[in-house]
Amino acid sequence: MRLLIVDDERPARERLRRMLASMPGVEAIDEARDGIEALEKIDGLKPDALFLDIQMPELSGLELAASLPAPAPLVVFVTAFDEYAVRAFDANAIDYLLKPFDVQRLQRALERLNERLRLQTAAPALPEFGASHPVRQLLVPGHTGTRVVRVADVQWIETADNYVVLHTAEGQPLLRQTLSNLVAQLGARFVRCHRRAAVQLDWIERVVPLDKGDCELVLRGGARVPCSRQYRAGVLARLSIR
C-alpha cells in the first residue's frame with residue numbers, strides 16, 4: 001500500500017510515518033506539508049490512500065479532498081478536532097482519526113483501507129474514467145434525437161434538480177446525471193468550484209475575488225461562474241499545477 005501523509009506540522013508527520021512504517025503491507029510512504037504540495041505529489045506517487053490533516057493553511061483537508069483528481073485515492077482524516085467528523089464522512093472518508101491515537105487505532109484504520117482496496121480489486125472491471133482515459137464526448141438524449149457534445153466544448157456545469165446543465169457556446173443541454181458522478185467521469189480537466197457547479201480548467205481566464213473569501217471565475221468567452229470559499233483554494237491549486 002502506497003500512502004501519503006498530508007500535515008502542516010512536521011512532528012505530526014514524522015510520528016505518523018514511524019507508526020505506519022512498522023505496519024505490514026505498507027510499501028511506500030511520502031509526506032506533504034500542505035494541500036498544494038499534496039496535489040503535486042499525488043500525480044507521481046499515485047498513493048492508494050491519504051492520511052490527511054483537516055486544519056491546514058491555504059488549502060484545508062476538506063478542500064483538498066474535494067479537489068482530488070479522479071480516480072481519487074482513499075482518504076483517512078487525521079485531526080485533533082472532532083467537530084469535522086460529519087463533513088469528513090460526507091467527503092467519503094474511510095476513517096477519522098482523532099489525535100492523539102495509538103498504534104491499535106491506527107491498525108484498525110489500515111484494516112479498513114485494506115478491506116476497501118480489496119473490494120475495489122475484486123469488483124468487476126468497469127470502463128476507466130479519469131486522467132488516463134478521459135471521456136471525450138457526452139451523449140445527450142432529446143426530443144429530436146441524441147446530441148453529441150464534445151467535452152472540450154463544455155465550459156462549466158451546474159446542477160438543475162435531477163439534471164446537470166452543460167454550458168457550451170452552442171447552448172445549454174440538460175443531462176440526467178449527478179454533478180459528482182459526471183465530474184468523476186470527466187477526470188482532472190474539471191474541478192468543483194461550488195456546491196452546485198464545476199468548471200473546465202482550460203476555460204478559466206481570470207479569478208476575481210469577492211467578499212468573504214468567495215470569488216468569480218471569468219471564462220474565455222465572458223461567462224462568469226461562482227466559486228465559493230470552500231472550493232476557492234482547490235481551484236487555485238489546480239490552476240497553478242496545470
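If you go through region 94-119 and keep only what is farther than 16 Å from residue 23 by Cβ, hydrophobic (A, V, I, L, M, F, W, C) and surrounded by 13 or more Cβ atoms within 10 Å (Cβ to Cβ), you end up with just 98. The residues in region 1-37 that are in contact (Cβ under 8 Å) with a residue 40 or more places away in the chain, among the aliphatic types (A, V, I, L, M) and open to solvent by 50 Å² or more (accessible area, probe 1.4 Å) can be counted, and the count is 1. Return yes when residue 40 is open to solvent by 20 Å² or more (accessible area, probe 1.4 Å), within 14 Å of the chain's Cα centre (by Cα) and not small (Gly, Ala, Ser) and no when it is not. For residue 40, the condition - open to solvent by 20 Å² or more (accessible area, probe 1.4 Å), within 14 Å of the chain's Cα centre (by Cα) and not small (Gly, Ala, Ser) - is met. Among residues of region 166-183 being open to solvent by less than 50 Å² (accessible area, probe 1.4 Å) and over 21 Å from the mean Cα position of the chain (by Cα), the one that is farthest from residue 225 (Cα to Cα) is 175.
The condition of being part of a loop (DSSP other than H, G, I, E, B) and modelled with pLDDT of 90 or more holds for only one of 124, 47, 71, that being 47. Residues of region 94-116 that are in a helix (DSSP H, G or I) and of a type outside the set (Asp, Glu): 103, 104, 105, 106, 107, 108, 109, 110, 112, 113, 114, 116.
The single condition among (1) at pLDDT 90 or above; (2) touching a strand residue (DSSP E or B) at 6+ places or on another chain (Cβ under 6 Å); (3) over 18 Å from residue 64 (Cα atoms) that residue 147 does not satisfy is (1). Scanning region 184-242 for residues that are open to solvent by 80 Å² or more (accessible area, probe 1.4 Å), farther than 28 Å from residue 71 by Cβ and not small (Gly, Ala, Ser) turns up 205, 206, 209, 210, 211, 212, 220, 224. Just a yes or no: is a residue in region 78-86 open to solvent by 20 Å² or more (accessible area, probe 1.4 Å), of a type in the set (Gly, Ala, Ser) and in a loop (DSSP other than H, G, I, E, B)? The answer is yes, given that some residue of region 78-86 is open to solvent by 20 Å² or more (accessible area, probe 1.4 Å), of a type in the set (Gly, Ala, Ser) and in a loop (DSSP other than H, G, I, E, B). Using the structure shown, decide if residue 91 is at pLDDT below 80, in contact with a helix residue (DSSP H, G or I) (Cβ under 7 Å, 6 or more places away or on another chain) and either β-branched (Val, Ile, Thr) or surrounded by 16 or more Cβ atoms within 10 Å (Cβ to Cβ) (or both). Judged against the criteria, residue 91 is a match.
Looking only at residues in region 210-232 that are among the small types (Gly, Ala, Ser) and in contact with a strand residue (DSSP E or B) (Cβ under 8 Å, 6 or more places away or on another chain), the one that is farthest from residue 196 (Cα to Cα) is 223.
The values are calculated or read from the model by the stated rules, or taken from the named source; none is laboratory data. What you are looking at is a predicted structure, and each value in this text was computed from that prediction instead of being measured. When we count neighbours, we look across all protein chains shown, and the Cβ atoms used for this are built from the backbone with ideal geometry, even at glycine. Surface accessibility is based on the protein's heavy atoms, side chains included, excluding ligands, DNA and RNA. Shrake-Rupley method; radii C 1.70, N 1.55, O 1.52, S 1.80 Å.
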